[in-house]
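Please read the structure below before turning to the comments.
The values are calculated or read from the model by the stated rules, or taken from the named source; none is laboratory data. All values derive from a computational prediction rather than experimental measurement. Note: ideal-geometry Cβ built from the backbone for every residue, glycine included; neighbour counts use all protein chains shown.
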Amino acid sequence: MTDSKKNQFPDIPEKIELQTLPTKNESVDSVRPLEDSNTEALVDALSSSFKIIQGLMIGLVVLFLASGFFTVEPNEVAVKLRFGKPVGTGEDRILQQGLHWSPPSPIGEVVKIPIGETRSVVATNCWYAVTPEMEITGELPFSSSSFRPGVDGYAITADENIIHVRADAKYLISEPVAFKFDFLDVENLLRNALNNALLYASALTDADDALYRDRVGFKDRVRLRFLSNVRKAKLGIKLQSLDVRTFPPMFVKQAFDEVTQTEQAVSQMRNEAEGDAAQILRRAQGQAQAIINQGISRSNLITSRVIADASVFQQLKPHFEANPDFFRSRLLIESMGRILTQANDTWLLPGVGQGQSQELRLQLNREPTLTRGDNNQDASDN
């Protein structure tokens with residue numbers, strides 16, 4: 001190479017020294033420590049993540065199982081369901097008051113049924129057509145000139161008259177499982193059973209009896225029919241009370257009221273007359289009993305005296321039989337002695353005619369002569 005060319009490339013060495021590259025074994029040995037540290041870090045991260053996930057899963061399982069605990073209050077019972085069906089048989093299906101556990105949803109479910117709560121059902125198929133506001137306040141519709149068969153409900157009585165009747169039944173749940181699971185709408189069935197009882201009782205009762213004369217008997221017929229319907233259908237309730245109201249059609253209500261007032265007046269007069277008659281009869285019976293008691297007392301007194309006299313005569317009989325004359329004289333002397341001791345004044349009157357004996361007169365039980373002081377004392381007493 002000429003000198004001119006050397007001057008053009010002064011920085012390029014004439015000989016290039018090749019760097020020595022590491023061999024295969026040297027390269028693997030230098031990279032391995034780096035891979036081991038990365039792997040250990042990845043393993044540690046995965047292990048920590050797994051433990052966290054495991055803890056979360058255990059916590060979720062615990063929370064899931066703990067959510068199955070529930071409490072049954074005093075006025076209710078509960079029924080456990082497993083895939084929509086009650087668990088257990090008979091009374092074992094009913095859970096009473098206390099803490100219980102059931103598999104949570106979607107496996108299990110708990111249905112609570114209030115048994116201490118009084119429920120009510122109202123039957124109005126045979127009643128006036130009223131608005132909800134009138135139903136709440138109990139207000140009746142105004143009088144109309146005619147009956148509205150397609151609007152107002154009614155019942156036909158045994159004497160082929162028309163009345164309006166409604167009933168309000170209050171009840172408790174006695175068989176929770178049957179009440180809750182055997183029927184789709186128990187309240188509707190109860191309402192139909194009560195309406196049936198109203199129609200049945202009306203068909204057996206005259207209008208006057210249902211409206212005024214025998215409301216108690218009409219109510220008893222409704223109650224017995226309603227209970228019979230409930231037992232046949234096995235609705236699982238216990239009747240607490242039943243209120244039955246009857247009413248005549250509005251356009252004849254005034255006539256019914258007048259008849260009722262007249263019957264009430266007659267009944268009141270009859271009751272008063274019966275009361276007076278009973279009072280007079282009791283007074284007469286009392287007087288009659290007093291007379292009877294007085295007669296019995298006098299009879300007993302006379303009987304006792306007669307018995308006493310008979311006893312005395314029995315004692316004196318032997319003396320009379322021994323000497324009758326002496327006995328008579330003795331009785332005469334004793335009698336005169338008693339008489340003379342009671343005599344206040346004695347008069348011996350001579351005989352008027354020849355051969356007549358003297359007459360002895362005695363004044364017995366003479367009233368005492370009142371002095372002036374005695375008169376004043378009597379006046380002050382009066």
The residue from Leu281, Leu227 that alone is without any contact (Cβ under 8 Å) to a residue 60 or more places away in the chain, touching a strand residue (DSSP E or B) at 6+ places or on another chain (Cβ under 8 Å) and not in a strand (DSSP E or B) is Leu227
The residue from Val259, Val266, Val252, Val244 that alone is under 30 Å from Val121 (Cα atoms), in a helix (DSSP H, G or I) and of a type in the set (A, V, I, L, M) is Val252
The listed residue being polar (S, T, N, Q) and at pLDDT 70 or above, out of Ser146, Ser67, Ser120 = Ser120
Among the residues of segment 259-278, the number that are closer than 13 Å to Leu211 by Cβ and among the acidic types (Asp, Glu) is 1
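Mind counting the residues in segment 313-324 that are part of a helix (DSSP H, G or I) and surrounded by 10 or more Cβ atoms within 10 Å (Cβ to Cβ)?
Here the count works out to 6.
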Enumeration of residues in segment 150-169 that are surrounded by 14 or more Cβ atoms within 10 Å (Cβ to Cβ) and either in a strand (DSSP E or B) or charged (D, E, K, R) (or both) = Asp152, Ala155, Ile156, Ile162, Ile163, His164, Val165, Arg166, Ala167, Asp168, Ala169
Does Glu187 fit the bill of being under 30 Å from Ile94 (Cβ atoms) and among the acidic types (Asp, Glu)?
-> yes
Failed condition for Val111, given (1) modelled with pLDDT of 70 or more; (2) over 24 Å from Asp182 (Cβ atoms) | (2)
Within segment 45-82, track down each residue that is in a strand (DSSP E or B) and either in contact (Cβ under 8 Å) with a residue 40 or more places away in the chain or touching a Cys at 6+ places or on another chain (Cβ under 6 Å) (or both).
-> Phe70, Val72, Glu76, Val77, Val79
Got at least one residue in segment 183-206 being closer than 28 Å to Val259 by Cβ, modelled with pLDDT under 90 and buried (at least 18 other Cβ atoms within 10 Å of the Cβ)?
-> no
